[in-house]
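The values are calculated or read from the model by the stated rules, or taken from the named source; none is laboratory data. Quantities reported herein were computed from a predicted structural model and do not represent experimental measurements. As a convention, Cβ positions derive from the backbone with ideal geometry for all residues, glycine included, and neighbour counts pool all protein chains shown.
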Amino acid sequence: MDGRWPGWGADAGLVVLTFLPALLSQPYVDTSGPAWTSLTVYETVGVGVLLLRRRLPTTAFVVGFGALFAALVGSAGAGAKLSPLVFLPLAVLLYSLGNHVASWRRTVSAVLGVSVLSVAGLWLNRMTTDSGDFQGGLDVLAALAPMPLAWAMGFAARTRQELLAAAERRAADARRAQALEAAQATQRERARIAGEMHDVVAHSLTLLVVHAETLRARGGELPDWARVQADGLAAAGRQSSGELRDLLRMLRDPADAAPLQPVPGLGELEALLDSHRAAGGTAGLTVGIAPESVPGPVQLATYRVVQEALVNARRHAPGAPVRVSVDGVAGELRCEIVNGRAPRRGTAGAGIGLGLVSMEERVGALDGGLTAGPTGDGGFRVVATMPLERVDV
């Protein structure tokens, strides 16, 4: 209803502006009964055709023109005159004809139709009145002469609207083409990165797994501690190989992003800490929230944060005890990883310096927050918080 009101309001205003002036000026032209009768009938018909000018512009123009000439001829035959302002609705109908009719055949047909009506009306007017004052002439021609300008204005408005619509379509096509080109460029870059990762990382990781399995096969020749290390190395290599395959598949085709193996979550944290212990570390785990109540993306992010924190602890604080705690607090999951002071110096230049950045981006993608920094006793603390209610993934 609200969307229709502006259109009806415009129509009402146009009716007032086109028909009221003739009513107001008629008393200064002719106050006879025939004049008022012709004017009233004409304006009644004119209001109807004016309201139909958008839906039936050609019909409205022909009927409106016919009603105007009938009013003029009828009043002239009765010896009455109408106000020259009765031609105002005709200008509006001509504007609508130029603005809404794109077919030249319909436009020419309408013009020919009103031409026939004009000739017939003039002939009938000559036949029904003897007075030269009511036979029509230059006064009618003077009123009709500017009318083609109204049609030209409507035609120009329609042409401008079509040009604007064409420009908008071209802009939309250009945006779609640009988006398609960007998507193709992104896919090409994904494929290139996937190829580089496969050539550089997958080959080395495969060799690592092969060597670890070779050591396991000759476990009888190794001391106990070496066998444990070889088992942990082989398990870590197989897990990393599987995750790398999933990552390469996603890079090559984002639509085929379903992982080949289960996504790690809170239930795999104990196994993750076992691998840390197998590498010579000391770690403790406390989980105060049921895994099934935690959304999958939050579980995966928590696993990755703990995984990266343990790697950093092994690099920078080898041998230091690590304490991992996961709990739900006020609608959020809180994960804290704290390592103590290192009994020996870490490996100089270990890592590429993007571990904390990666953790922060992963947690931030879930509307969470991450803080990391040294503790007062020489250790290091990482705290990640992520909402449990709303996860936009």
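Structure values in brief
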item: Residues located in segment 18-58, provided they are in a loop (DSSP other than H, G, I, E, B) and among the hydroxyl-bearing types (Ser, Thr, Tyr); result: Thr31, Ser32
item: Selection status of Ala71, more than 19 Å from Ala150 (Cα to Cα), at pLDDT below 85 and crowded, with 19+ Cβ neighbours inside 10 Å; result: yes
item: Candidates Leu310, Leu370, Leu273 - the one that is of a type outside the set (Lys, Arg) and either out of contact with any helix residue (DSSP H, G or I) (no Cβ under 6 Å at 6 or more places or on another chain) or part of a loop (DSSP other than H, G, I, E, B) (or both); result: Leu273
item: Qualifying residue in segment 54-64 (condition: over 20 Å from Ala157 (Cβ atoms) and surrounded by 17 or more Cβ atoms within 10 Å (Cβ to Cβ)); result: yes
item: Which numbered condition Leu94 fails, given (1) surrounded by fewer than 23 Cβ atoms within 10 Å (Cβ to Cβ); (2) among the aliphatic types (A, V, I, L, M); (3) part of a helix (DSSP H, G or I); result: (1)
item: Segment 312-343: number of residues that are touching a His at 6+ places or on another chain (Cβ under 9 Å) and not small (Gly, Ala, Ser); result: 3
item: Selection count where residues are modelled with pLDDT of 90 or more and either surrounded by fewer than 18 Cβ atoms within 10 Å (Cβ to Cβ) or among the charged types (D, E, K, R) (or both), scope segment 375-384; result: 2
item: Top-ranked residue in segment 237-252 [being modelled with pLDDT of 70 or more and small (Gly, Ala, Ser); ranked as surrounded by the most Cβ atoms within 10 Å (Cβ to Cβ)]; result: Gly237
item: Which numbered condition Ala255 fails, given (1) crowded, with 18+ Cβ neighbours inside 10 Å; (2) modelled with pLDDT under 85; (3) of a type outside the set (Phe, Trp, Tyr); (4) not in a loop (DSSP other than H, G, I, E, B); result: (1)
item: Residue, nearest to Ala271 (Cα to Cα), within segment 288-338, restricted to residues that are among the hydroxyl-bearing types (Ser, Thr, Tyr) and surrounded by 15 or more Cβ atoms within 10 Å (Cβ to Cβ); result: Tyr303
item: One residue from Leu273, Leu269, Leu285 being under 19 Å from Gly368 (Cβ atoms) and either surrounded by fewer than 15 Cβ atoms within 10 Å (Cβ to Cβ) or assigned by TED's automatic domain parsing to the domain that holds Thr385 (or both); result: Leu269
item: Odd one out for Leu51 among (1) modelled with pLDDT of 85 or more; (2) buried (at least 17 other Cβ atoms within 10 Å of the Cβ); result: (2)
